[in-house]
1. Would you tally the net charge around Ser104, using a Cβ to Cβ cut-off of less than 14 Å, leaving Ser104 out, and scoring K and R as +1, D and E as -1?
2. Please express the shape of the range 56-102 as an equivalent ellipsoid: the semi-axes are the square roots of 5 times the eigenvalues of the C-alpha gyration tensor, given largest first in whole angstrom.
3. Mind giving me the FRET efficiency for Asp74 and Arg98? R0 is 41 Å, r the Cβ-Cβ distance, nearest 0.05 is fine.
Amino acid sequence: MGDAILMIEILVLGVLIIGFLALIITRGQQHLVKPMAEPLPTLPPVLLPEAQEVTARDIQDIRFAVGLRGYRTDQVDQVLARLSAAIEARDRQIADLRHVAENS
């Protein structure tokens, strides 16, 4: 029984020594630890065109690069779908009004 307790004490002492040494070694190397970098995107982002009016198709084609901290994609997709539908409806209304104006 005494031998088993001695073995447990030696094991616990060994774990404590290893933990203490690991703590000392890692504290001295904290300046070497870099912050987490942004992940590389799997696809390049597709953003809005600069030189033309934004169309519903432009909204549908938007793709954002994935970052470490980002938005919930389902919410972004829902907002983009609503914006795309609103722009498409507005473009149809403008086209209809232009057609009426040209024919009157």
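Taken together, the values in this text are just the output of simple stated rules run on the coordinates, not laboratory data. Keep in mind that this is a model prediction, so the values were computed, not measured. Cβ sites come from the backbone with ideal geometry, for glycine too, and all protein chains shown count toward neighbours.
1. -1
2. Equivalent-ellipsoid dimensions as semi-axes: 32, 9, 5 Å.
3. It comes to 0.65.
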